[in-house]
Each structure stands twice: as C-alpha cells, then as structure tokens.
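The following block contains the structure, expressed as structure tokens.
The values are calculated or read from the model by the stated rules, or taken from the named source; none is laboratory data. Just so we're clear, the structure is a prediction, and the values are computed from it rather than from any experiment. Every residue, glycine as well, gets a Cβ built from its backbone with ideal geometry; the counts of neighbours run over all protein chains shown.
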Amino acid sequence: MRKALAILLLVIVGYYFIAIFLNVPFGNKPKGVGEYYLDKTPTQTGAANAVTAIVVSYRGFDTLGEVTVLFLAATGLGAILFDKKGKKRRLQNASIIVKETSRVIYPLIVLLGAYVFIHGHLTPGGGFQGGAIIATGVLLMFMSYRSFETNHGALSWIESLAGITFVSLGLSGLIWGTSFLQNILVGGAQQNLGQLNHLVSAGIIPLIYIAVGFKVGAELTALLDNMLKTIK
Amino acid sequence: MNLTPVQFVAIPLFAAFLIPIVAKISKEAVKYIPGIVFLYLAYVAFTLFPKALEKPIVEIIAGFKPPFGIVLYFGPTAAFLVSMVMVVGFVIWLYSFKFIIREPSEKYYMLFMMLITGATGIMLTGDVFNLFVFFEITAIAAYSLTAFLRDKDGAEAAFKYLLIGSFSSTFFLLAIALIYSNTHTLNMADLAVKMQNVDVTTKLFILILFISGLGIESELFPLNGWAPDAYSQAPTPVAAVFAGIVVKASLYALLRLVFLMFNWSEVFYLLLVLGVITMLVGEMSAMRQHQIKRMLAFSSIGQMGLIVIAFSIATVPSLQAGFFQMVNHVLIKSLLFFSAGYLVFHSGSKDISALDGLGKEKPITSFFFAFGALAILGLPPFSGFWGKMFILMAAGNSHLLLVVVLILISGIIEAVYYLRVISRLYFYKETTKEVRRTPVSGLVAMGILTVLIIILGLYPNTILAYLKPAANDLLHRTEYINAVLGQIHL
Amino acid sequence: MIFYVTSILVILIGIYAVLVKKNLIKIVIGLSIVDSGVNLLLISIGYVKHGTAPIFSRPDLTAAQMVDPVPQALVLTAIVIGLGVTAVALALVIRLYDHHKTMDINKIRKLKW
C-alpha cells in the first residue's frame, strides 16, 4: 500500500519534472555568464582551468561557504559523537599482503593528492579533490593497520590554520585591494598573471587551493576517524 | 580596513576557525569570543545602517562586477535584519554563557558562530547559488545543534529535521538548475530582468520549488513538521536562535525572491492563504500541547503565519507592520524561550503541569515568562499590541475582512493557552521542589529583552518610521536591480 | 535529452528509497542517490555537443570547443554539501542505534512524524 502510494506520487512528480526539463535546450553552446567565464578566464585570472577560476575566483565566496560546510560537518560530527572519543577501533588486522602494499602506496597516494591540489589551476582537480584523495590514503591505512593512529592535535591545528589562511587571504583583498577575496597578486597596472599553464601563475588561486587541500584532507581524515571509532 | 558588509559573514567564520586553537590554550577564553564578535558586528551594523538608508550598499566580492561575480546587497531591509540578528545574537550569547553545561562547549560555540554566518549570509547575498550555500550552512549547523544534547529524542528530532531539510535543499537545487538552464545567470538582480523572458509554466514550476524549498525553513503550513521537535529537543538558546534568526532569515530569502522574480498578485494571494492556514493550524496545535517548549514552538509557527500574512498583503504599511511584528516576535519569543528554559530546569520536567506554583518560588523567572506571554498576546501597553494592530489595520485597508476576523480568532486561541500557563504559575497550589538558582547572566539577558520590548511598546511609531525604507526596499524591485546592475550599464 | 530523463529517474529512485525503506542506513543512501541525481542533472545542463573540458591546457584549444564550466563549479560545491549532510546523517544514525539498538525506523518513532 505504502509502496503503491509512493510510486504513484513519484510517477506524478516525475511526469511534471520531465515535462519541464524537456523544454530546456540541450547540448548548446554556453551563453550568459558561462560564455563570459570561458572567454575571460585566461586573461582575467591567469588560470588555465576555467572551473578552478570560477570556483576560487569568480565565485570564491561559494567556496568559502563550501569549506565552512565541511568544517561544520566535522564539528557537528565531533559534537554528536563526542562521548565515543578515546575508544579503540575494533577492526581486524589485514593480511600481510594488504599491509605491505598499503605501506608502499600510502605515501604515493598522499603525494598524488598534494599534486592534484597544488596543480588545481592547471589540471582537472583542485583542493577538494586532492584533499579527498589524501583522505582515501588515510582510510586505506585505517583499514589495514589496527594500530594506525592520526595525530588529533595536529589535525585540528591544520584545519583551523588552513581555514584562517583562507579567510585571511580574503580579508587581505579588503585591506590591500578593493574587495573581499580579491586576487591581490594579480591585476593592477602590470597584470602579474604569470604565464598560462605554469605552476607559478594565477596569483592567490593556487594559494587558496593549497589551504583548501590541507583543510579538506584533515577534515575528511577526522571524519573517518570519528566514524570508525564507533564500530563495536 | 574599511567597514563593509562582508564582515558580517567573514568575522563569525574567522571566529569559528579560531575557536579550536583558542580552546587549546584556554577553554574559558572561548566563551568570550562570540560576545566580542557580536559587539563588534553590532558596531559595524549600526555604523553602516545610516549609509544603507541613504543608498543601498552593494559590495562586490573578488572584484568581478555583477552578474559575473557574487555581490552582497546591504539595503535598508538587510541592514535592519542584520542589526536585529546582532543584538539578539548578543543577548542569546549572554544567556548561554552559564547555560551550556554539556561538553564539548567549544564545539557548541563553533556551531553557533557558523549558524550566525549562514543566517547573515542568507540576508546579505545577491546570488541564488550563494544563497543555497548559506542556506545549507545554516541547516547543517541547525541539525547538529538540535542533536547537541545527545539524548534519545534529540537525535530523533535532528534526524527528522535532516530528512525534511534534505528535501528542501534538493528542491532548491533543482530550482537553481532550472533557472540557470533558462537564463544562464545566477545573480538575483540579473535574474529579475531575465526571468521576464522565461515562459510561464517554467516560472511557475520554479516558484513552487522555491516555496517548498524555503517554506520548510520558514515554517509554512504543510512543511513545518520538523519545528516542534527541533525546538523542544535543542538546547534552549538554540531554540531561541531558530525562532529568532534562522526562520526569519529564510522567510526574508523567500520574500526577496518572490518580490524580485514572481511579483504577480496571484502569488501574494497564495502566500496569504498559506499564511492564514499556518497561523490557524499553529495556534490550534499549540493549544493541545502538554510540553511548554512544544507549545512555544507551535505558537512560533502561528506567529510566522501572521507575519507571512502581513507580507503577502504587499503594501508599504503592511510590510512595515510585518517587519515590526518580526522584531516583536524575535524579542518576545526569545524571552519566552529563555524563561521557559529555566522554568523547565527548575521544575525538572518539560510538562506544563509541572509548573504549578513556581510563580512564588521563582518570582523573577516567572515574571519574565508572564511578561512575555502578555506581550505576545497583544495587550495594549505592550509592543505585541502595536504589531497586531498595524497588521489588522493593513489588512482592513486592503478590504481583507475575513483575514481580520481570523487574526482576531487566533488571538483568542493564543490567549487561552498562554493564560493557562500563567494561571498554573501563579494560582495553583505550590508543590515543594528543590530550588536552584537562575544565573545572573541569564537574568541580565532576559532583563535586556524586557527593556527592549518596553521601548518597542512605548515608541511604536518612531520605530515604524524607521521601517519605511525597509518596506520600500523590499517592495520596489527596480531600486534593487538598479543598485546592483546599474554599474554595468553606466 | 536522455540525460535529463535519466537523472530525473535517479532522483526519483532516491526519493522512493527515502519514502519506502525502513532501515535508517538505506534512507541515508536514498538521500545520497537524490543528491547524485541532482548533480547529474546539473552537469548535463552544461553539456555541449562534442565539447571538451574547460581547461586551456594546449594553445590550440579555444573557448568555443568547451563545455559550460559554471554547472561544473556548482556541482563541485553541491557534492561537498551533500557529503556534509551525509556525514551528519550517519552520525545521527549511529546515535539513534546507540539509544534504540535497532535500525528500523518504525521502532524508533517516539516523536510524532
């Protein structure tokens, strides 16, 4: 009965959604702001990756909010699961093959994560993706070694300092430039964009993405750690 | 550093990131951070207020002019709401100073600061997707704070809130997808211009998605099931934040979008009907409650209905009345939640029946509750009277006699259940209870609110005059559009 | 076109799971399916026929060949938000399981739903 009602409701809702979206043009050239961003990204921001330019520069305020959401999730999780702290994870030790392999590839995964967030303005990826890659490396270690522990003090320092760096970079735009999150290293008369497709380019975009990468890596690690500690 | 509106978002966020570091040095020092933040931001708000009244402040983020970058719009409405948030936030901080006994207290303050960040962000932003982001910040902070006491019902209330909230964010995101695919812009002022070329069916669909998305947080009728549970399970100061700040912020966002993009008279009629139903259902459910905080939660839903009615009449006086009632409700409901929090704490039970005779044992706290109850009922010397009076006058001027009658009826229902609590406090036989002291900071917080309510009641017309620019700002979208986009065409 | 229809179907499957399933974990999974559906929908809005990634990695790539970068940037944000909500939801599920020793939502409902 309940299922039939749910299906009926969904059929009606789905019909209207599909009917509305069939009117939406598909596969056309970008218009409006999308077109503008594609045209201006290399000359205005110096970043090769237009998505990164939008995420960090044009819509940088969203990213500040995004970082806040992750921080908030980590904080909320810590608050909700507070009295679980200090318990040991009760995972089985993995087999020797898994253990040795993960010991070898763990540093490589972290390196890949760092590469992804440092080159966020040049290649696909960025702070969030790089941070997530680092956290998967830590997850691998959690799974294979029962005794693997992260340094909680260091993690919360990294979280806080990276967050403060982001907001401070934003406020620096307000102090030395005209607006919050303004790319203070770029622009002005000389247009210090750097050379397109070179690591040192695009002003504060890579700096912000490095801070974001550290922050996301630390937060996701803390999330995983908190969750795994509740396994009984 | 110049004083600019972005600080209302950046500074609380900065504080939230700073708190874990300060907590490593001294846990005691963490408690003072939110107070300092609120004092500073209240100073900023009152400095910028006169400037915003002259000319709306449009702040461009990251140096890209609209619609390509994100803008913050600090007009009279936002100025008024943000100043209100800062004052009320300070009072709530003062109240929670001695209230939070549960660990981890530094996490409580971090979540609190981020909740404020989200709410002010909602009020300031001029970009729909940015609005979504701040909306989610507010929501996630609210879920976590609802479950903060880590008890059985708290987790359940939070999970329920989260389920409903996820649907609201899905609707919101779908609306944004439709908007972007049809107009290729996300700036609200630009949208107001470009939405005119979108066909009516799509527009209607977007409107429905927005109302169901934002209506959930603004407690509109069929979507407010989360509110009573969340209010009654969350720590008391948090319930006051929900009623006073979160709900008002999302209502403002909904109204801003409606006035900018969908200002057809049918929409206001729909909102009027929703408001009336919300008010009646809220008040009637409040009468049936046995727990005092649930009763206050339903009463808050009823009041939101009244405020929505005022806004949906959509004339300058009715908007003024709506804003007036907003301030009223924020102050009075916070006072009621604060005093109810200590009454529950003293009686040791959440039930109304446990309050018998507390009026003699806890005279000051009970006095504050009775004062708040009488104020919200709208008895003549109190500010609640003026709020209701202005709304009734606005409705009468628009020839909505049925609405006038229904508001009066709901006022009577309200009187019944509030007076029931007061009579239990004062006229029932006292039962001997273990008496605990109400901390001074709590009493000071309630005292400040009482003084503000009295001021509001004594000089309603002065305050109403200040609200006129805010009403004009919300009602006339051309000013908004010109303020944001004018810089492009020049 | 088929992209829109498929992503809407994904959203509907997620909503179905939330409405019908009794297990708390499955409900949370349903919520993430809804999120994924919305994200797919957003991405397909930005699609351009024969378009390439919006990265100026070679000099011969021009803006005219690229897909719309805005939906991708929005989806990046939406994914992170979805992750945050899922994390908090799972924490609440752990809490609820602690208190009730069950994952069945029917046995948990004490508050009125």
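Need a quick list: helices (runs of 4 or more DSSP H) entirely within the range B:1-106 having at least 2 residues that are within 20 Å of B:V241 (Cβ to Cβ).
Qualifying helices (runs of 4 or more DSSP H): B:7-25, B:32-54, B:76-96.
What helices (runs of 4 or more DSSP H), lying completely within the range B:199-312, carry at least 3 residues that are farther than 27 Å from B:D153 by Cβ and modelled with pLDDT of 85 or more?
So the answer is B:200-217, B:247-261, B:265-287.
How many of the residues making up the range C:94-113 are β-branched (V, I, T) and either surrounded by fewer than 17 Cβ atoms within 10 Å (Cβ to Cβ) or modelled with pLDDT under 80 (or both)?
Within the range C:94-113, residues that are β-branched (V, I, T) and either surrounded by fewer than 17 Cβ atoms within 10 Å (Cβ to Cβ) or modelled with pLDDT under 80 (or both) number 2.
Can you tell me which residues in the range A:42-57 are at the interface with another protein chain (Cβ under 7 Å from one of its Cβ atoms), buried (at least 24 other Cβ atoms within 10 Å of the Cβ) and more than 21 Å from B:N182 (Cα to Cα)?
Matches in the range A:42-57: A:A48, A:N49, A:A50, A:V55, A:S57.
Within 12 Å of another protein chain (Cβ to nearest Cβ), under 20 Å from A:N151 (Cα atoms) and touching an Asp or Glu at 6+ places or on another chain (Cβ under 6 Å): is that true of A:A74 in this structure?
Judged against the criteria, A:A74 is a match.
Quick one: is B:I164 within 18 Å of B:N130 (Cα to Cα) and in a helix (DSSP H, G or I)?
For B:I164, the condition - within 18 Å of B:N130 (Cα to Cα) and in a helix (DSSP H, G or I) - is not met.
Results for (1) farther than 27 Å from B:Y180 by Cβ; (2) outside any strand (DSSP E or B); (3) touching a Phe, Trp or Tyr at 6+ places or on another chain (Cβ under 6 Å), shown as yes or no for each residue.
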| residue | (1), (2), (3) |
| --- | --- |
| B:L115 | yes, yes, no |
| B:I122 | no, yes, yes |
| B:L131 | no, yes, no |
| B:A139 | no, yes, no |
| B:L145 | yes, yes, no |
| B:A158 | yes, yes, yes |
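Let me spell it out: the conditions are (1) away from every other protein chain (no Cβ under 14 Å); (2) free of Cβ contacts under 8 Å to residues at least 12 places away in the same chain; (3) of a type in the set (A, V, I, L, M), and B:I21 meets all of them except one. Which number is the exception?
Condition not satisfied by B:I21: (1).
Looking only at the range B:171-185, decide whether some residue is closer than 22 Å to C:K26 by Cα, in contact (Cβ under 8 Å) with a residue 24 or more places away in the chain and assigned by TED's automatic domain parsing to the domain that holds B:A239.
Yes: the range B:171-185 contains one or more residues that are closer than 22 Å to C:K26 by Cα, in contact (Cβ under 8 Å) with a residue 24 or more places away in the chain and assigned by TED's automatic domain parsing to the domain that holds B:A239.
Search the range A:7-31 for residues that are free of Cβ contacts under 8 Å to residues at least 60 places away in the same chain and pair each with any residue that is of a type in the set (G, A, S) and in a loop (DSSP other than H, G, I, E, B) when their beta-carbon atoms are under 9 Å apart and the residues are at least 6 apart or on different chains.
A:G27/C:G51; A:K29/C:G51; A:P30/C:G46; A:P30/C:G51
Let me ask something else. Working only within the range A:149-173, note down all residues that are more than 8 Å from chain B (Cβ to nearest Cβ), in a helix (DSSP H, G or I) and farther than 24 Å from A:G60 by Cβ.
A:H152, A:A154, A:L155 - these are the residues of the range A:149-173 that are more than 8 Å from chain B (Cβ to nearest Cβ), in a helix (DSSP H, G or I) and farther than 24 Å from A:G60 by Cβ.
Within the range B:365-387, restricting attention to residues that are surrounded by fewer than 22 Cβ atoms within 10 Å (Cβ to Cβ) and either part of a helix (DSSP H, G or I) or outside the structural domain of B:Y417 (by TED's automatic domain parsing) (or both), which residue is farthest from the chain's Cα centre (by Cα)?
Across the range B:365-387, the extreme among qualifying residues is B:F367.
OK, next. Among the numbered conditions (1) more than 11 Å from chain B (Cβ to nearest Cβ); (2) modelled with pLDDT under 85; (3) over 20 Å from B:I61 (Cα atoms), tell me where A:P30 comes up short.
(1)
If you don't mind, another one. Going by the conditions given, is B:F38 more than 8 Å from chain A (Cβ to nearest Cβ), touching a Pro at 6+ places or on another chain (Cβ under 6 Å) and of a type outside the set (A, V, I, L, M)?
So B:F38 fails the test.
Against the conditions (1) at the interface with chain A (Cβ under 10 Å from one of its Cβ atoms); (2) at pLDDT 85 or above, where does C:F56 fall short? Just the number, please.
(2)
Another question, then. What is the number of the single condition among (1) more than 7 Å from chain A (Cβ to nearest Cβ); (2) of a type in the set (S, T, N, Q); (3) assigned to a helix (DSSP H, G or I); (4) free of Cβ contacts under 8 Å to residues at least 12 places away in the same chain that C:S36 does not meet?
In the conditions (1) more than 7 Å from chain A (Cβ to nearest Cβ); (2) of a type in the set (S, T, N, Q); (3) assigned to a helix (DSSP H, G or I); (4) free of Cβ contacts under 8 Å to residues at least 12 places away in the same chain, C:S36 misses (4) alone.
Can you confirm whether B:Y231 is of a type in the set (S, T, Y) and more than 19 Å from the chain's Cα centre (by Cα)?
no
Okay, next question. Going through C:V88, C:V48, C:V67 one at a time, which residue ends up being out of contact with any strand residue (DSSP E or B) (no Cβ under 9 Å at 6 or more places or on another chain) and either facing chain A (nearest Cβ under 9 Å) or more than 18 Å from A:F26 (Cα to Cα) (or both)?
Exactly one residue qualifies, and that residue is C:V88.
Being assigned to a helix (DSSP H, G or I) and more than 7 Å from chain B (Cβ to nearest Cβ) is the filter here, so list the residues in the range A:17-27 that pass it.
A:F17, A:I18, A:A19, A:F21, listed by residue number.
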